[in-house]
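Scroll down for the structure; my scribbles are underneath it.
The values are calculated or read from the model by the stated rules, or taken from the named source; none is laboratory data. In this text, all values refer to a predicted model and were calculated from it rather than measured experimentally. Positions of Cβ are backbone-derived with ideal geometry, glycine not excepted, and every protein chain shown enters the neighbour counts.
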């Protein structure tokens, strides 16, 4: 039994701030301002100027991909292509991998203003395949060694650009599938353990992952299921099967379906292929790309909804957002369900009519406040391709005021799983200050709302009596410090099930066998 004394941010229905919280056996047994006599002799943790809040949840992440890139080379912080190539050379020298993988290149955050190309990657590595993924996770650059291996696979696909080595749309997905097949399973599992330890260190107690990105027989879906069930020390994972094959999802025993890749309705702004209702600036006929027609998406949603599955769909542009809302509405009109918790991922450029459908049909929005003021995709670039529509991106305030449930996620590896940054960007909206949330709203978005998406709010997400003691100690009280200092907050400790988190320590075989035998929630 432990008594926490200080600032307790409960994130309950009233957003109560309490003075005491008592944990016993991994559950919260008391929250209030006057400590009952029976707890006065228990071990006390005095928070001082720190604060206790619920553990965070990342509601949209490509976990296997994040684990892969987290273990490889990340070039997001590079200020020039010259620096990227220097880092890549050093990485190639020390890496013994047969395929080199790097992540985070952006033409919009380097001084050259262009993406590195195939010839430049060849100067780094000419023998081994080099796979450099763009920051948005929707495009890549390949060297000649890799191009030679995949050329027959991708040369007739949309997004194939052999001269520069840049691949996007279906060509990128096909190369991602190829690369996934080259990763040894033991390596992937070890990377996943390191990745989960890193995220819990950032205060994340649960990860919602979308799986199915090209591993043989969708092995990453099984791996993430087994891995999630094998997790130690209280950390939780919820898996969304990233497919439109409803029968496959049912066969695998998942209660939910969706994500990006095969469930993406459009591309992204970084590759200027997000689907728009009006053409991109400077063009008369470039509306981006819809990967499916309305009938295909509606049929998928109807099948999944009738099967009792929870649905999530990727939609970046306003045209894709409308397609998603129309399809989910059609599915719920066809087979009404009171508590489905369907969602539209990203929802970067929502429409008024689409928002109204979300409100009327209780469709939630797992959004990425980290996209606001994103260094890899700066406002200047968004203004260039979207014009005045850039001022309509990520309207958190307008959506929140409708009562639609908004949660927060990283879209990792596209942005770092860092809930402090999510809160900071949501409250201090550098692009559109009028769309900022309050600190209390942002904290709820990153905690309770995320757990509610996957029906976990009865056990987690707020600090209330009877719930599991999944908590985070912050370096200061976010409700009291100046909002401009929110980004300086630190996660001092993550406590899951009442215990300070310890790193994963199972062997690869032990983790897989444990996961295969376990019936833990996933």
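Worth a mention:
- The stretch 311-322 - residue that is crowded, with 24+ Cβ neighbours inside 10 Å and touching a helix residue (DSSP H, G or I) at 6+ places or on another chain (Cβ under 6 Å) and, of those, farthest from residue 238 (Cα to Cα): 321
- Residue satisfying condition, being surrounded by fewer than 21 Cβ atoms within 10 Å (Cβ to Cβ), at pLDDT 95 or above and within 14 Å of residue 52 (Cβ to Cβ), within set 477, 470: 477
- Scanning the stretch 248-295 for residues that are on the phi > 0 side of the Ramachandran plot and assigned to a loop (DSSP other than H, G, I, E, B) yields a total of 4.
- Scanning the stretch 227-247 for residues that are assigned to a helix (DSSP H, G or I) and more than 20 Å from the chain's Cα centre (by Cα) yields 230, 246, 247.
- Residue within the stretch 247-267 that is under 18 Å from residue 518 (Cβ atoms) and buried (at least 24 other Cβ atoms within 10 Å of the Cβ) present: no
- Some residue of the stretch 395-402 being in contact with a strand residue (DSSP E or B) (Cβ under 9 Å, 6 or more places away or on another chain) and either surrounded by fewer than 24 Cβ atoms within 10 Å (Cβ to Cβ) or assigned by TED's automatic domain parsing to the domain that holds residue 103 (or both): yes
- Single match in 164, 182, 209 (criterion: touching a helix residue (DSSP H, G or I) at 6+ places or on another chain (Cβ under 8 Å), touching a residue at least 60 places away in the same chain (Cβ under 8 Å) and not in a helix (DSSP H, G or I)): 209
- Tallying residues that are in a loop (DSSP other than H, G, I, E, B) and surrounded by fewer than 24 Cβ atoms within 10 Å (Cβ to Cβ) within the stretch 185-206 yields 1.
- Qualifying residue in the stretch 329-350 (condition: within 21 Å of residue 454 (Cα to Cα), surrounded by fewer than 17 Cβ atoms within 10 Å (Cβ to Cβ) and at pLDDT below 95): yes
- Filtering the stretch 464-522 to residues that are touching a strand residue (DSSP E or B) at 6+ places or on another chain (Cβ under 7 Å) and free of Cβ contacts under 8 Å to residues at least 40 places away in the same chain leaves 493, 500.
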